[in-house]
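Notes follow the structure.
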Amino acid sequence: MSPSLTALSVISGVVAVGSLAGFYAGARHKMDLEQWTVGGRGFGLVLVWLLMAGEVYTTFTFLGASGWAYSRGGPALYILGYQPLWAVVSFYILPQIWEVGRKYRLQTQPDFFLLRYGSKYLSSLVALIGVVCIIPYLQLQLTGLGIIVEVASFGSIGRAPAMAIAFTVVAAFVFSSGVRGVAWASVVKDILLLFAAVFVGIAIPYIYFGGVGAMFAAVVHARPQHLLMPGATKNLGHGWYLSTVLLTSLGFYMWPQGFGAAFTAKSGNTLRRNAVVMPLYSITMPLMFCVGLAAMLVLPGLSNGDLSLLTIVRKTFPAWFLGIIGGAGALTAMVPAAIQILTAATVFVKNLYRPIVDPGLTDQQVATRAKIMVPVITLIAVGFAIYSSASLVSLLLLGYDGVTQFFPGVVLGLYWNRVTKAGVFAGLISGITIAVALVLSHRDPYMGINAGLIGLACNFSLTVVISMLTPAEKSGFEDSPIAVVSANALAASE
């Protein structure tokens, strides 16, 4: 067989195995709304870890990190800075979120806002922002998948046809399997991703430079400023680095799919243990940087840094091995895309369409309409992916600017009884408006600071001030989730 056919055959086989694992897991359970969205709330540590790793380590990890190391250099190191910190944030807030979700049978992030603040309009605004912010993240996955197929086929298959095929597979996967299928497909994806990252991240520097140390020495000699801030950019300096690390650390579990994943756990302690072990997965990141930096010297002048990993693998290894790496990359796109589509479809119908347009919908009707929305949302993301040229990391950061604005409403809602819906409304709108205005006017970063963090600072300040100026409101939580989680943890320790 030709090299392109060999690589594509192996990729198809890997994708088929991962998809079958997901289809099988989903077929064993009746897919009502509860099972489809939160897996019956019975996931232990392994399934929670697999599900959240499926959301965390995506095409962004596989192609975006190496691409930014190739094209931007030093600024890419923000990825190493924020990954341990979001685990710390999750250790302290996810058990409380889980406790509220278990007690009140919450299924989505807007459900939390509806219960806490008693406003369907605030909940619907959260749903709208969440769906809009998921689109660039979903676009990231589909763009990455298109790159994988294009490079693996040696250019014989374009990105648009590849993304169209991916649309069909992912939509069918989500439609039939729900969140449980996503978790089980992550088993295949994670095994291959870890293998690919470790092998390629070590092998490439040794093959071309004799070792990782020698590779860095060659980078310093050839491009002495590349590993410093702002690297190959003009404005991504130390201020941007620190503000972006803070923004992404706080916003990581404000993504609707990450927030909702907390509801699948069988206990708050499961989420604490997950926060402890999850950062171990980050070993893949510096290895991806090594591949990108090696490619910068071996393959200078690539039109898109996101092509660097697969292009140097194609140059270095036989076609069947390119197929294995491409298959791992394809699953890192499909698994998170599935949970993102599932979440966006559910949130749109349950928290935006039902309360505003058709309050009489039952949960079963919500589940049916959410499945109808699956291909619609995927087609929108495919359209953006085909006609957008943004880098994978840029797409991710764009979404972070939006979802992190939920942080004040969530954290103050958990820890401060005095916060009001008027304060959260005003803060959320101001934060989103400022971040969007700065991004669209090409002033991100602004005075060296990430635009999303500037919006978040205004959001937090306005939320607190307006909450203090408006009458106190009764919380939707009967008991403080802090007190409940503390009592449960004490009982478990005894």
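What fraction, in whole percent, of alpha-carbon pairs in the chain exceed 34 Å separation?
On the way: 39908 of 121771 pairs.
Tail of the P(r) past 34 Å holds 33 percent of the pairs.
Give me the net charge for the shell around GLY360: Cβ to Cβ below 15 angstrom, other residues only, Lys and Arg +1, Asp and Glu -1. Working shown, then result.
Values: positive: LYS120, LYS350, ARG354, ARG369; negative: ASP358, ASP363.
It works out to a net charge of +2.
Subtract the Cα-Cα distance of LYS234 and ILE202 from 0.36 nm times their separation in residues, and report this length gain in nm to one decimal.
Working: separation 32, 0.36 × 32 = 11.52 nm, distance 3.04 nm.
Taking 0.36 nm per residue and subtracting the Cα distance, the gain is 8.5 nm.
What does the charge count near GLY237 come to, summing +1 for each Lys or Arg and -1 for each Asp or Glu among other residues with Cβ under 14 Å from its Cβ?
Details: positive: ARG72, LYS234; negative: ASP444.
Neighbour charge sum, excluding GLY237 itself: +1.
Please determine, in degrees from 0 to 90 and to the nearest 10, the orientation of helix 3-27 with respect to the longest principal axis defined by the Cα atoms of the chain, where the helix direction is its Cα long axis.
With rounding to tens, the tilt is 20 degrees.
Once you have a ≥ b ≥ c as the square roots of the Cα gyration tensor eigenvalues for region 289-379, tell me rounded if a/c is under 1.5, and otherwise prolate or oblate according to whether a/b is larger than b/c. Walk me through the numbers on the way to the answer.
Values: a/c = 5.08, a/b = 3.16, b/c = 1.61.
The shape class here is prolate.
List the residues, sorted by chain then number, that are 5 or more residues from TYR446 or on another chain and whose placed amide H is less than 5 Å from its amide H.
Excluding prolines and chain starts, which carry no amide H, the hits are ALA451.
Which part of region 331-355 falls in the paramagnetic zone of THR368, meaning amide N under 16 Å from the point 7 Å along Cα-to-beta-carbon?
Flagged as within label range: 349-350, 354.
Report the gain in length on full extension from MET468 to SER2: 0.36 nm times residue separation, minus Cα-Cα distance, nm rounded to one decimal. Show your work: numbers first, answer last.
On the way: separation 466, 0.36 × 466 = 167.76 nm, distance 6.90 nm.
Once the chain is fully extended between MET468 and SER2, it gains 160.9 nm.
Leaving ligands, DNA and RNA out of it, report the carbon-plus-sulfur percent of the accessible area of region 183-260 at a 1.4 Å probe. Don't skip to the end; give the middle numbers.
On the way: 2400 of 3270 Å².
Carbon-and-sulfur percentage of accessible area, whole number: 73.
From the Cα gyration tensor of region 276-333, with a ≥ b ≥ c the square roots of its eigenvalues, which class applies: rounded if a/c is under 1.5, or else prolate if a/b is larger than b/c, or else oblate?
On the way: a/c = 2.20, a/b = 1.37, b/c = 1.61.
Here region 276-333 falls in the oblate category.
How many nm separate the modelled label positions at SER394 and SER461, each set 7 Å beyond the Cα in the direction of the Cβ?
3.0 nm
Ignoring ligands, DNA and RNA, how do SER9, SER475 rank by accessible area with a 1.4 Å probe, largest first? Kindly include the intermediate steps, with their values, before the conclusion.
Values: SER9 55, SER475 25 Å².
Order by accessible area, largest first: SER9, SER475.
Where a ≥ b ≥ c are the square roots of the eigenvalues of the C-alpha gyration tensor, would you call region 63-137 rounded, which needs a/c under 1.5, or, failing that, prolate if a/b is larger than b/c, or oblate? Please list the in-between numbers first.
Working: a/c = 3.76, a/b = 1.86, b/c = 2.02.
Note, shape of region 63-137 comes out oblate.
Under the Karplus relation 6.51 cos²θ - 1.76 cosθ + 1.60, θ = phi - 60°, what is the ordered set of whole-Hz ³J(HN,Hα) values for region 260-274, x standing for Gly and Pro?
Values, residue by residue: x, 4, 4, 6, 7, 5, 8, 7, x, 5, 4, 6, 5, 5, 4 Hz.
Taking θ as phi - 60°, what are the ³J(HN,Hα) couplings along region 407-419 by the Karplus curve (6.51, -1.76, 1.60), each to the nearest whole Hz, with x for Gly and Pro?
4, x, x, 6, 6, 5, x, 7, 10, 9, 5, 7, 5
Within the chain, how many Lys pairs that are eight or more residues apart, or on different chains, come under 13 Å at the alpha-carbon? Show your work: numbers first, answer last.
On the way: LYS103/LYS266; LYS120/LYS350; LYS120/LYS421; LYS350/LYS371; LYS421/LYS474.
Count of close lysine pairs: 5.
Evaluate the distance, in nm, between pseudo-label points positioned 7 Å from the Cα of SER282 and of ALA16 along their respective Cα→Cβ axes.
Using points 7 Å along Cα→Cβ, the separation is 3.9 nm.
The values are calculated or read from the model by the stated rules, or taken from the named source; none is laboratory data. Everything quoted here is computed from the prediction, not taken from an experiment. Cβ: placed from backbone, ideal geometry, glycine included. Neighbour counts: every protein chain shown. SASA here: full protein model, heavy atoms, side chains in, ligands and nucleic acids out. Shrake-Rupley method; radii C 1.70, N 1.55, O 1.52, S 1.80 Å.
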